[in-house]
Every structure is written in structure tokens, then in C-alpha cells.
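Scroll down for the structure; my scribbles are underneath it.
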Amino acid sequence: MNYPEIVSQLTLDEKIKLVTGYGSWHTYPVERLGVESIMMTDGPIGLRKVDEGESESHVSVCFPSGCLTSCSFDKELLEKMGEALGEECQAYEVGMILGPAINIKRSPLCGRNFEYYSEDPLLTGELAASYIKGVQSKGIGTSLKHYTMNNQEYRRMSYDAVVDERALREIYLTGYEIAVKKSQPYTLMCSYNLVNGEHTSESKRLLTDILRDEWGFKGAVISDWGAVHYRDKGIAAGLDLEMPGNQWANKDFIKSAIAEGSLTIDELDTCVDRIVTLVKRVKKRPAVFEFDKDHDLTRRIAEESIVLLKNRNDILPLKPDTKVAVLGEFAEKPRIQGGGSAFINCYAVDVTLEEMKKAGSVIYSKAFPSDSDKWDRSELDKAIECAKTADVAVVMAGLPDSYESEGFDRTHIHLPEGQNILILELTELGIPTVVVLQNGAVVDMPWADAVDGIVEAYLAGEGSGTAITNILYGAVNPSGKLAETFPRKLEDNPSFLNFPGDGYNVPYAESIYVGYRYYQKKKMDVLFPFGFGLSYTSFLYDNLKLSKKNMLDTDVLSVSVDITNTGEVSGKEIVQLYVSDHGDQSGRPQRPVRELKGFEKVSLEPGETKTVTFELDKRSFAYYEERISDWIVPSTEYYIEIGASCEDIRLSESVNVEATKTVPLKIRPDTVFGELLRDPRTQKYTMDNLINQQSSGISSFPPEAIAALMDHNPIRGLRNFGNESAERVEEIMYELKTLVHDTE
Ligand code: BGC
């Protein structure tokens with residue numbers, strides 16, 4: 001305990017009030033003991049400070065959403081954004097900002113993807129850690145949310161994410177783990193949903209065993225707003241603060257749980273102490289922030305993040321004297337943020353059309369609305385006539401607000417029909433066409449091959465109009481890269497068959513194969529791969545060096561690579577390091593083709609070379625081995641791949657890694673599979689439930705081992721496996737081999 005002297009003086013009622021919040025946005029004050037009340041506000045891209053009893057929030061600066069900032073792959077930039085937000089919190093007397101939001105983008109349909117960072121856990125975790133570091137450097141708390149498996153909005157309060165342990169660890173927990181270990185957020189916010197049958201707000205395993213005991217989390221856990229079911233169970237599990245304040249509803253519940261002995265005073269005191277600690281960690285001080293300075297920072301962050309996806313024949317950058325037809329109402333009314341709790345009452349919005357008029361020769365036609373998917377043939381015709389008089393058409397396209405928000409998911413990934421029709425018709429007429437996209441998540445692009453340029457601006461915050469203009473006209477060289485894969489069509493996405501579940505359960509049947517891990521394993525053609533983005537200059541990758549050719553998994557491997565700007569203008573390159581398991585994977589858990597294990601953004605003048613370095617440790621090579629609940633590095637050859645995207649590997653070197661820990665041969669009786677194999681009467685392992693497919697493995701086992709095991713009819717029951725996924729059968733075969741060896 002950090003504050004035993006305070007906790008010991010609190011009455012039971014005060015303790016209950018402290019773990020139950022105070023109104024919508026505060027913690028409960030106990031003035032007689034010097035425990036202040038702190039205010040928390042949403043996040044994550046600006047302050048949504050709402051006074052108690054009010055619904056409208058104070059004006060503040062709207063930064064780009066997570067869908068865009070993640071494309072910067074720039075840890076320093078996220079830290080700067082965090083610092084600015086921390087300073088704004090100080091000025092607004094807010095003690096904690098409810099962000100960052102880091103759920104993995106499992107499906108492009110998730111309504112909150114615009115808030116989240118990526119399909120990749122390493123990128124997610126590193127960027128979150130930087131954001132947290134920035135905010136907390138100002139003495140202000142953060143709330144890393146929504147822990148965990150809140151990967152959809154459909155029935156978000158009640159669905160049960162049914163996920164295997166390997167996917168949970170490798171994909172869905174790793175981002176939180178990195179952020180917790182690197183930056184110790186003051187709080188984590190648990191999600192609404194259940195994970196494998198248990199509400200996260202009541203999961204001791206998630207809130208205590210993994211979060212605190214394994215990762216060393218020192219902060220407090222707060223509930224998402226209304227995520228508490230049984231408060232006493234939550235307290236016992238490690239949920240310190242229920243939000244919003246529901247002061248007395250839970251009082252008797254907690255008291256009777258204590259009286260009955262299902263909750264102990266010690267468990268309650270532990271949560272109370274964490275709340276007191278949280279309040280004491282917040283360091284309030286007088287501050288002012290300059291709206292204009294932060295507004296300018298939003299623009300710069302957007303400029304560092306916007307992704308150039310296509311640039312045929314260098315149609316971009318536009319020249320000041322190029323006659324440009326700007327089409328689409330997004331030019332006048334940019335879509336800069338998503339809806340729901342992340343919505344910011346903006347300070348000032350840069351309008352793209354006005355900025356473009358300052359930069360070059362521009363004519364405009366509204367073409368289609370920005371706030372709906374209704375469209376009108378005559379407006380499209382006017383836009384086409386307008387484009388015919390210009391050298392280039394720039395279509396400002398995007399998703400209306402009603403398409404994506406907290407609270408619901410999309411049902412498709414199309415742009416409004418009128419936009420697609422206009423773009424295709426422009427290209428059919430041979431009009432050079434650039435599409436600028438303002439959307440919170442993946443869209444399909446039936447016109448991708450036909451257009452000349454594509455700029456993905458996502459939801460770029462209040463400086464977006466200037467940032468987009470600066471990219472289009474080359475005042476800024478684009479340097480963002482995609483933090484998510486753009487599939488060719490929704491049906492290609494690995495979660496397609498199981499999203500959004502049956503209303504109760506959401507099977508995460510694709511397991512670890514999320515995003516590029518899936519598309520690459522299936523050798524699927526995608527529209528734009530993870531990590532992809534173009535520049536107005538070019539980069540040469542050279543001189544990849546590894547510090548070792550052979551290593552133990554406990555060693556650290558240093559990697560260096562030289563990057564040269566071979567073009568005419570200065571630019572920034574995002575250098576990505578992937579690790580690829582090149583061993584024979586038969587008989588052991590399968591692995592993705594490659595996984596991101598490092599990234600750096602490097603700024604280069606024309607002709608300049610810089611050396612980028614990375615350090616890889618055991619975790620960079622490991623997968624999560626469910627049977628021993630630990631990370632395991634198979635002893636084998638790995639490729640260290642340096643790429644400009646996950647599909648554009650420029651250099652590769654191999655290293656042999658030897659495991660210091662292997663899967664013990666003895667099967668653990670408490671594994672699911674162990675249970676399957678046990679004969680309930682004799683408690684001996686049998687082949688009863690196992691295999692009806694001698695061809696796929698059993699025949700390769702030593703005959704004595706088979707004989708030793710087959711004391712019952714080997715066929716009975718094994719037909720069940722006809723319904724299992726290939727991966728599961730693989731796993732089962734692997735378990736069987738382990739068992740057979742053990743028996744030998
Ligand atoms: C959202 C959180 C948000 C909270 C408070 C919830 O509905 O899921 O992200 O911080 O409301 O507004």
C-alpha cells in the first residue's frame with residue numbers, strides 16, 4: 001500500500017464512495033484527509049471537457065484521430081501530441097484524459113476503428129506508450145482503453161469474445177503490455193464486453209494476474225462508463241474505480257458482500273489505496289495554452305501522417321499554375337473527426353478549398369454532399385463539366401459522419417455510390433484524377449487502377465485543410481504509411497465469417513491471423529498492404545548488418561541498415577523491420593509469414609545517408625505457447641527483413657536462434673487437450689478421442705508408442721475433428737506427438 005495512513009482513517013462509506021466515482025467525470029474527494037477530487041475527460045484526440053450537468057463540451061483543439069496518427073509511425077510525434085494534450089489538461093484543470101484507445105483493428109467494419117491505431121500490436125503499443133509518456137510528463141494521467149477485445153461496437157456491452165490464448169496474447173494483449181511496461185499509464189480502462197465468458201470488469205485474470213502480476217502495472221483500473229455488473233466481484237478482481245459515479249447504488253451490495261465474506265476489507269482497501277495513489281499522482285499546476293500553437297501542431301501531425309497511396313506519372317505534387325478542378329463538398333466541409341465520446345468541440349477548422357485557392361489555380365464544384373450518401377445526377381454532371389475545363393480533377397471524397405461512429409459498426413466498406421460513379425466517369429473521360437480520402441477506416445476503391453493519384457488523409461483533425469493542401473502542392477513531402485491493410489473487398493478480411501458474431505458470442509476463429517498476418521499467409525492480393533506509403537523522393541536501402549549469425553534466445557541482436565535519399569527533395573522514410581521464422585514449421589505451431597518487430601522514421605536531405613539501428617530480444621522471435629503459458633522461441637533460422645512495407649522487403653539476412661526454453665515433453669494434464677485424452681474412469685491417457693485420420697500423422701509415430709496408447713477403440717469420437725480448423729488439427733497432432741514421446 002502507498003497510503004496506509006489515509007486508508008486506515010477512512011470510514012467504510014468513504015471507501016465505497018472512493019471506488020465508485022463522483023458524478024460523471026470525477027473521483028470522490030475526502031477533504032478531511034487531503035484526498036482531492038480529480039476530473040477526467042475524454043480523449044483521446046483533444047479535451048472533451050463537459051461540466052457536470054451539461055452536455056456541450058468546452059472548445060478545445062481537435063488533433064488527428066488514431067487512424068491517421070498511427071500512419072506517422074513516429075513515436076516522437078505522438079509524444080509531442082501527448083505533451084500538448086497534457087498542457088491543455090492542466091489549463092482546463094483536468095487531471096486525466098481518457099485515452100489512448102488502442103483496440104486492434106480486427107475488422108474494417110468496427111465503428112471505432114477511427115480512434116484505434118492499427119492491426120499490428122507492436123505499432124499500437126509503441127505509439128500508445130509515446131502518447132502516454134507525453135501526457136504524463138505534464139503531471140496528467142491517461143487511461144489506456146478499452147482493455148480488452150472491444151473490437152466491435154455491435155452489442156459491445158454484452159458480447160463474449162471467444163478467443164484462443166495465443167491470439168489473446170500475441171495480438172490483443174501485446175499493445176497494452178508494451179504501453180504498460182514502457183510508460184506506466186496512470187490508469188487502464190476495462191472494456192464493456194466479455195472475454196471467454198467473463199466480463200473484463202470482473203476478470204481477475206485480466207485485471208490482476210496478467211496486468212499487475214505479469215506486466216507490473218502500478219496504476220489503477222477504471223471501468224468503461226457503465227461496464228460494471230457486480231461491483232463486489234470487480235473489486236475482488238482488481239477493478240478500482242467504477243465510472244461514472246453511481247454513488248449509492250452499489251453501497252449495500254458491497255457492504256453485504258463484505259458481511260458475507262465474499263469480499264474482504266483488504267480487497268476493498270487495495271482498490272481504495274490505488275485511487276488515493278492516482279489522485280496524488282496527478283500534479284495540478286496553473287497553465288495556459290495557446291490555441292493557435294496547438295492548432296498548428298495538429299496540422300504538422302497530419303502532414304507527417306497523411307499517406308500517398310498512388311502517384312502515376314508524378315501527377316503530384318500539383319504545380320501552382322496547374323488548373324485544378326476541386327470536386328466534392330468535403331473540400332468546403334472537411335470531415336476531420338469521428339463521432340461519439342471522442343468528439344471534440346473544435347477551436348478552428350482549416351478549410352481545404354480555401355487553402356488550395358491560396359496555393360494554386362482552383363475551380364470548384366460541390367458534386368456530392370459530405371454529410372450524406374445522397375447524390376444527384378445533375379450535380380455530378382456539373383462537376384464533370386467543371387473538370388473538363390481543368391488540367392486535373394481533385395476529388396475530395398470520404399465517408400459521411402453517419403457511416404462510422406462509436407456505438408455501431410459499418411455493414412460494408414463502400415464509399416457513397418455517387419462518389420464512386422463520379423470518380424469512374426472522370427477517368428473514363430481521360431481526365432487526370434486524384435482522389436483525396438477523408439474516412440476513419442478502410443474503404444474499397446473500385447477506381448483504384450483507373451485514377452492517377454490517391455491521398456489517404458483519414459480524419460486529420462482541425463488542421464487537415466492546410467495539411468492536405470501542403471501535401472497536394474508539395475510544400476510537404478508525404479511520409480505516412482498505412483497502419484492497416486486495405487483489402488480488395490470486405491469478404492477478404494479474416495474475421496468476415498465471424499463478424500459481428502451471433503449476438504452473444506464472437507468467435508475469433510482467425511486466431512493470430514489478423515491483418516497482414518492473414519493476407520500474407522494466404523498469399524492474397526490486397527489493395528494496399530500494411531506499411532505502404534509513397535513519397536515525392538526515393539530511398540535506397542543498403543548495408544544490412546546483424547551483430548550475430550548465431551545466438552541464444554536470451555541474447556540481444558543488433559541490426560543496422562543504411563538508408564539514402566536518392567531523389568531531389570528532402571523526405572522521410574519509415575523503415576520497417578520484420579522477423580520471419582524460416583524453419584520447418586511442420587509439427588509445431590504455425591507462424592505468420594513475417595511480423596513487425598521494429599520501425600523507425602528517418603528524415604533525409606537529398607543525397608544524405610543515415611544508419612538506422614534496431615535491437616531485437618527474445619520476444620522478437622517468440623510465439624505464445626499455450627501449453628506452458630509462456631513465450632517460446634523455436635530453435636531455427638530466422639530472416640531479419642528490412643522493408644518499405646510488409647510486402648516490399650528490400651534487404652534480408654538470416655540468423656540462427658537457439659532456444660533456452662522448450663516445450664516440455666510431458667503434457668500438462670490441465671490442458672484442454674489433456675482433458676480430451678484422459679479416460680475419465682482410469683484417468684489414463686488414451687487415444688479414444690483422438691484420431692480417425694491415420695494418414696495425417698499417426699502412421700509416423702513409433703509403433704510401440706501407438707500400441708501403448710491405443711488401449712481403446714481409436715476410431716470412436718475422433719470424427720469430431722472433422723469440424724476443427726486446420727490449425728487446431730495441427731495443434732492436436734503436435735500434442736499427440738508430445739504425448740507419444742512422453743510415453744516412450
Ligand atoms: C466509451 C469510452 C469513453 C467513455 C466516457 C464510453 O462509452 O466507450 O471510450 O471514454 O464512454 O465518455
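The values are calculated or read from the model by the stated rules, or taken from the named source; none is laboratory data. For clarity, every value in this text was computed on a predicted model and none was experimentally measured. Cβ sites come from the backbone with ideal geometry, for glycine too, and all protein chains shown count toward neighbours.
So here's what we get for this one:
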{"quantity": "Top-ranked residue of the range 247-275 - restricted to ones that are surrounded by fewer than 17 Cβ atoms within 10 Å (Cβ to Cβ) and not in a helix (DSSP H, G or I), ranked as farthest from the ligand (Cβ to nearest atom)", "calculated": "261"}
{"quantity": "Qualifying residue in the range 211-229 (condition: more than 16 Å from the ligand (Cβ to nearest atom), among the hydrophobic types (A, V, I, L, M, F, W, C) and touching a Ser or Thr at 6+ places or on another chain (Cβ under 7 Å))", "calculated": "no"}
{"quantity": "Search result, residues across the range 580-617 that are part of a loop (DSSP other than H, G, I, E, B), in contact (Cβ under 8 Å) with a residue 12 or more places away in the chain and among the small types (Gly, Ala, Ser)", "calculated": "583, 587, 607"}
{"quantity": "Residue within the range 291-301 that is under 27 Å from the mean Cα position of the chain (by Cα), crowded, with 24+ Cβ neighbours inside 10 Å and not in a helix (DSSP H, G or I) present", "calculated": "no"}
{"quantity": "Residues within the range 33-57 that are assigned to a loop (DSSP other than H, G, I, E, B) and either over 23 Å from residue 465 (Cα atoms) or more than 28 Å from the chain's Cα centre (by Cα) (or both), tallied", "calculated": "13"}
{"quantity": "Conditions (1) touching a residue at least 40 places away in the same chain (Cβ under 8 Å); (2) not in a loop (DSSP other than H, G, I, E, B): number failed by residue 109", "calculated": "(2)"}
{"quantity": "Condition broken by residue 114, with the remaining ones in (1) under 19 Å from the mean Cα position of the chain (by Cα); (2) farther than 27 Å from residue 602 by Cα; (3) within 16 Å of the ligand (Cβ to nearest atom) satisfied", "calculated": "(2)"}
{"quantity": "Residues (more than 15 Å from the chain's Cα centre (by Cα) and on the phi < 0 side of the Ramachandran plot) located in the range 166-187", "calculated": "166, 181, 182, 183, 185, 186, 187"}
{"quantity": "Residue that is nearest to the ligand (Cβ to nearest atom), among those in the range 326-346 that are assigned to a loop (DSSP other than H, G, I, E, B) and in contact with a Cys (Cβ under 7 Å, 6 or more places away or on another chain)", "calculated": "344"}
{"quantity": "Filter result for the condition that a residue is aromatic (Phe, Trp, Tyr), away from the ligand (no atom under 15 Å from the Cβ) and surrounded by 24 or more Cβ atoms within 10 Å (Cβ to Cβ), over 172, 147", "calculated": "172"}
{"quantity": "Count of the range 602-629 residues which are modelled with pLDDT of 95 or more, closer than 25 Å to residue 173 by Cα and not aromatic (Phe, Trp, Tyr)", "calculated": "7"}
{"quantity": "Every residue from the range 142-165 that is within 14 Å of the chain's Cα centre (by Cα) and either closer than 28 Å to residue 277 by Cα or among the acidic types (Asp, Glu) (or both)", "calculated": "144, 145, 146, 147, 148, 149, 150"}
{"quantity": "Selection count, the range 374-413, where residues are outside any strand (DSSP E or B) and within 28 Å of the chain's Cα centre (by Cα)", "calculated": "13"}
{"quantity": "Test set (1) surrounded by fewer than 20 Cβ atoms within 10 Å (Cβ to Cβ); (2) touching a Phe, Trp or Tyr at 6+ places or on another chain (Cβ under 8 Å); (3) at negative phi; (4) among the small types (Gly, Ala, Ser) - residue 635 fails condition number", "calculated": "(2)"}
{"quantity": "Residues being touching a strand residue (DSSP E or B) at 6+ places or on another chain (Cβ under 6 Å), within 21 Å of residue 423 (Cα to Cα) and charged (D, E, K, R) - total across the range 453-492", "calculated": "2"}
{"quantity": "Residue in the range 82-99 that is under 22 Å from residue 441 (Cα atoms), within 31 Å of the chain's Cα centre (by Cα) and more than 16 Å from the ligand (Cβ to nearest atom) present", "calculated": "no"}
{"quantity": "Set 378, 402: member being more than 23 Å from residue 62 (Cα to Cα) and either among the polar types (S, T, N, Q) or within 16 Å of the ligand (Cβ to nearest atom) (or both)", "calculated": "378"}
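For every residue, the table says whether it meets (1) at pLDDT below 95; (2) in contact with a Leu (Cβ under 9 Å, 6 or more places away or on another chain); (3) assigned by TED's automatic domain parsing to the domain that holds residue 205; (4) within 30 Å of residue 342 (Cβ to Cβ).
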{"position": "217", "(1), (2), (3), (4)": "no, yes, yes, yes"}
{"position": "221", "(1), (2), (3), (4)": "no, yes, yes, yes"}
{"position": "234", "(1), (2), (3), (4)": "no, yes, yes, yes"}
{"position": "245", "(1), (2), (3), (4)": "yes, no, no, yes"}
{"position": "250", "(1), (2), (3), (4)": "yes, no, no, yes"}
{"position": "265", "(1), (2), (3), (4)": "no, yes, no, no"}
{"position": "270", "(1), (2), (3), (4)": "no, no, no, no"}
